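Each remark here refers to the structure printed beneath this line.
The values are calculated or read from the model by the stated rules, or taken from the named source; none is laboratory data. Just so you know, these numbers come straight off a predicted model, no measurement behind them. Note that each Cβ is placed from the backbone with ideal geometry, even for glycine, and that neighbours are counted across all protein chains shown. Calculation scope for accessible area: heavy atoms of the full protein, side chains included, ligands and nucleic acids excluded. Shrake-Rupley method; radii C 1.70, N 1.55, O 1.52, S 1.80 Å.
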Amino acid sequence: MLDAIAERRVVRTWLMRNTIHLVAAADIRWMTALLGPMIRRRFQTVRWPELGLTPALLEAAAGMTPEVLAGQALTRHELAAALVEHGVPVPTDGQAPTHLLVYLSTVGLTCRGIDRGRDATFVLLEEWLPDAPAGPRGDDALTELARRYFAAFSPATAADFTTWSGLPSSRAIETIRDELSETDVFGRPGYRLGEVEPAHGVRLLPAFDNYLVGYAVRSFIDDTRRGEVYVGGVIRPTVLRDGRVVGRWRLVKGAVEITPFEPFDGRTASAIEKEIADITGFLTAPGRSAARRTRLLPGAR
């Protein structure tokens, strides 16, 4: 992933649900144009004024940012300080610098660059990805997003699309209605795009995996365990078997620690070992041998 970011094949910015997403460079312009207004509407009435980011100040910051950021990558605090030096009195403390970057990114001015240690840096989108295509606009962009969602998440409901994207569902579904088939989704009316077969197998999903945020009603996890996966704004890594969340996992001093939600049979345990091998292989630098260990907490067999 780091190579893909450095090579500018993928890029990070604020998109669905007002959160940072990693997307193909070819998609950044049309997705920003489609989702940016929704993000700005969420914050411009209350949150941004609370932080001292008035419409006039945001407009002034947007006007000066191309000059301040030209040819370089800055952290959010460095950018805020540089704008102040250039006569734009943006707040430089608290969450204001972050929300300033949210605004600048949603209007298509900036995106994430290469991290500097633990700090995110930001660059001018026009400089970072000068050849990124404009892509579809208006209903064509909404159609593309809706089609991709239902291709990936079918069967799903209208509410599921809204939960995942942050956008109203009625117009989005209308644009691809002739491509969708009506179906039942856990007792709720929904849709599918193309033929859909149940997925089988075991996966160790990472934190914030799309599967765990793609639906409004999350029937794939037992209600008694929901609080162990969705903790405040954090979504923990999970063990998925045949589409159901059956446990959690985490890395602890080089070991993969599994917390089962129910007993694991031999098939599940064997599949988990293969998943752990994939994870440690990914995390281990080339030329080094991975010391793979598994710690099963109570509940496994």
Checklist outcome for this item: With the first residue restricted to the range 205-218 and required to be within 17 Å of Arg241 (Cα to Cα), and the second required to be polar (S, T, N, Q) and at pLDDT 90 or above, Cβ contacts under 7 Å at 6 or more apart or on different chains are Leu205/Thr238; Leu212/Thr238
Checklist entry - Does Ala70 satisfy being of a type in the set (A, V, I, L, M, F, W, C) and open to solvent by 10 Å² or more (accessible area, probe 1.4 Å)? => result yes
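Could you tell me which of the residues Val185, Val231, Val213, Val246 is within 21 Å of Ala146 (Cβ to Cβ) and either over 22 Å from the mean Cα position of the chain (by Cα) or open to solvent by 20 Å² or more (accessible area, probe 1.4 Å) (or both)?
Result of the check over Val185, Val231, Val213, Val246: Val185.
Tell me whether the range 26-44 contains one or more residues that are more than 20 Å from Arg137 (Cα to Cα), touching a residue at least 24 places away in the same chain (Cβ under 8 Å) and surrounded by 18 or more Cβ atoms within 10 Å (Cβ to Cβ).
yes
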Checklist entry - Do we find a residue being charged (D, E, K, R), open to solvent by less than 60 Å² (accessible area, probe 1.4 Å) and over 24 Å from Gly243 (Cβ atoms) anywhere in the range 134-155? => result yes
Item to check | Options Asp131, Asp140, Asp93, Asp178: the member that is farther than 22 Å from Ile5 by Cβ, of a type in the set (Asp, Glu), assigned to a loop (DSSP other than H, G, I, E, B) and out of contact with any Cys (no Cβ under 8 Å at 6 or more places or on another chain) | outcome: Asp93
Checklist entry - Within the bounds of the range 186-203, is there any residue that is out of contact with any Ser or Thr (no Cβ under 8 Å at 6 or more places or on another chain) and under 30 Å from Pro55 (Cβ atoms)? => result no
Checklist entry - Out of the range 114-133, which residues are open to solvent by less than 40 Å² (accessible area, probe 1.4 Å) and of a type in the set (Gly, Ala, Ser)? => result Ala120, Ala132
Checklist entry - Taking Ser154, is it touching a residue at least 24 places away in the same chain (Cβ under 8 Å), of a type in the set (Ser, Thr, Tyr) and either touching a strand residue (DSSP E or B) at 6+ places or on another chain (Cβ under 7 Å) or more than 22 Å from Arg12 (Cα to Cα) (or both)? => result yes
Checklist entry - Does Thr13 fit the bill of being assigned to a helix (DSSP H, G or I) and either in contact with a Pro (Cβ under 6 Å, 6 or more places away or on another chain) or of a type in the set (Ser, Thr, Tyr) (or both)? => result no
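Mind listing whichever residues of the range 66-84 are acidic (Asp, Glu) and within 18 Å of Leu53 (Cβ to Cβ)?
Glu78
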